[in-house]
1. Any idea which of 193, 218, 264 is crowded, with 16+ Cβ neighbours inside 10 Å and closer than 30 Å to residue 175 by Cβ?
2. Could we say that residue 204 is touching a residue at least 12 places away in the same chain (Cβ under 8 Å), touching an Asp or Glu at 6+ places or on another chain (Cβ under 9 Å), among the acidic types (Asp, Glu) and over 27 Å from residue 270 (Cα atoms) here?
3. Restricting the stretch 140-173 to residues that are of a type in the set (S, T, N, Q) and part of a helix (DSSP H, G or I), which is nearest to residue 187 (Cα to Cα)?
4. Restricting to the stretch 221-233, what's the tally of residues that are assigned to a helix (DSSP H, G or I) and surrounded by fewer than 21 Cβ atoms within 10 Å (Cβ to Cβ)?
5. Against the condition over 18 Å from the mean Cα position of the chain (by Cα) and either more than 21 Å from residue 102 (Cβ to Cβ) or not in a strand (DSSP E or B) (or both), how does residue 215 come out, does it pass?
6. For residue 147, only one of the following conditions fails: (1) within 16 Å of residue 193 (Cβ to Cβ); (2) in contact with a Leu (Cβ under 6 Å, 6 or more places away or on another chain); (3) not hydroxyl-bearing (Ser, Thr, Tyr). What is its number?
7. Please work out if residue 193 is in a loop (DSSP other than H, G, I, E, B) and within 26 Å of the chain's Cα centre (by Cα).
Amino acid sequence: MIRRSFLATLTAAGAAAQSAEIAVEQQMPGLPHKGKVLLAIQAHSDDIPLSAAGTVAKLIEEGYTGYLIRATNDDMGDAPGLGTPGTIGEHVLGNERDNAEVARILGCKGNFDLNYNNHRMADVSLNELIGRLIFLIRALKADTVVCWDPWAHDEENPDHYTIARAVEAASWMAGRAHDFPEQVALGHAPRTVQEKYYFARRPEITRVVDISKQIDKVIEANRANRAKGPAGHLGSRLRASLASRGQKLPLLGDDDITAERNYVREFVLARSRALGAKHGVAYAEAFHYIGPGAGRSRIEEYIKRHAVPR
């Protein structure tokens, strides 16, 4: 009994310590990030909408210039808007259109498709992928990235952890002039990414972002994923299925758009709502956040704190 009580105390203390280390990022007034560039990087067209759409929209509203980068062409999945098997061409074109619409909804200036095959990124040269990302970081002058967490637990999708590893390496290597020097020679100056918002299935949470004000954009971004996402048209499909059986759900309303929006809000965003409730807000997203100076040496830290003018 004493041992069990002691272990329970340790567990409670550990949970309290972890909670104390989690920062809650709120909406900031004005445009505090004006002049900065954000890269929202995903393996598939539904990754950002499901895990980080609110945060991307929030940062853009606060002044970031945003770009959406998709690693695969999503050539597996349902035919566009139909929920039935289609040709590879339908998959690719449908998801390409959806991804561009997600970028528009979130306020991104542009989007890039790297066009690797879906669920085949383990075959891709990691150095090739890193080099392409370094080019984008330098060319777009990126300050911040949002992506899958390369250090996360329970990740089963090879596309997710492959793009995550490449982003982590590129974020550092892009700042080193001797890595891919031909890019530097052509005028793309070295550029080290300063902030990283990493999401995961089971994240090491160090930052929670309040996305309550962006929730309508999150809903619309998920609705835009009609060819692939687990949201898209499922609300209207459920409404039609119930009607064929002589039933209805008041939640789904009387038209397809209402059905889709309410389906996303009630079911797709359940995790975001629960996380928000835990931290005193309506909706939230969780991240393993790595901020400026995370890799700074002790000497650099000492200089920053103690250096004085000559």
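1. Step by step, each of 193, 218, 264 is checked, and only 193 is crowded, with 16+ Cβ neighbours inside 10 Å and closer than 30 Å to residue 175 by Cβ.
2. no
3. Per the criteria, the residue is 171.
4. Looking only at that region, the number is 0.
5. no
6. Among (1) within 16 Å of residue 193 (Cβ to Cβ); (2) in contact with a Leu (Cβ under 6 Å, 6 or more places away or on another chain); (3) not hydroxyl-bearing (Ser, Thr, Tyr), residue 147 violates only (2).
7. Against the criterion (in a loop (DSSP other than H, G, I, E, B) and within 26 Å of the chain's Cα centre (by Cα)), residue 193 qualifies.
Let's see how each residue does on (1) more than 20 Å from residue 56 (Cα to Cα); (2) modelled with pLDDT of 95 or more; (3) of a type in the set (S, T, N, Q); (4) not in a strand (DSSP E or B):
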site	(1), (2), (3), (4)
80	yes, no, no, yes
83	yes, no, no, yes
89	yes, no, no, yes
97	no, no, no, yes
102	no, yes, no, yes
108	no, yes, no, yes
112	no, yes, no, no
134	yes, yes, no, yes
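The values are calculated or read from the model by the stated rules, or taken from the named source; none is laboratory data. Since we're looking at a predicted model, the values are computed, not measured. With ideal geometry, Cβ positions are generated from the backbone for all residues, glycine too; neighbour counts draw on all protein chains shown.
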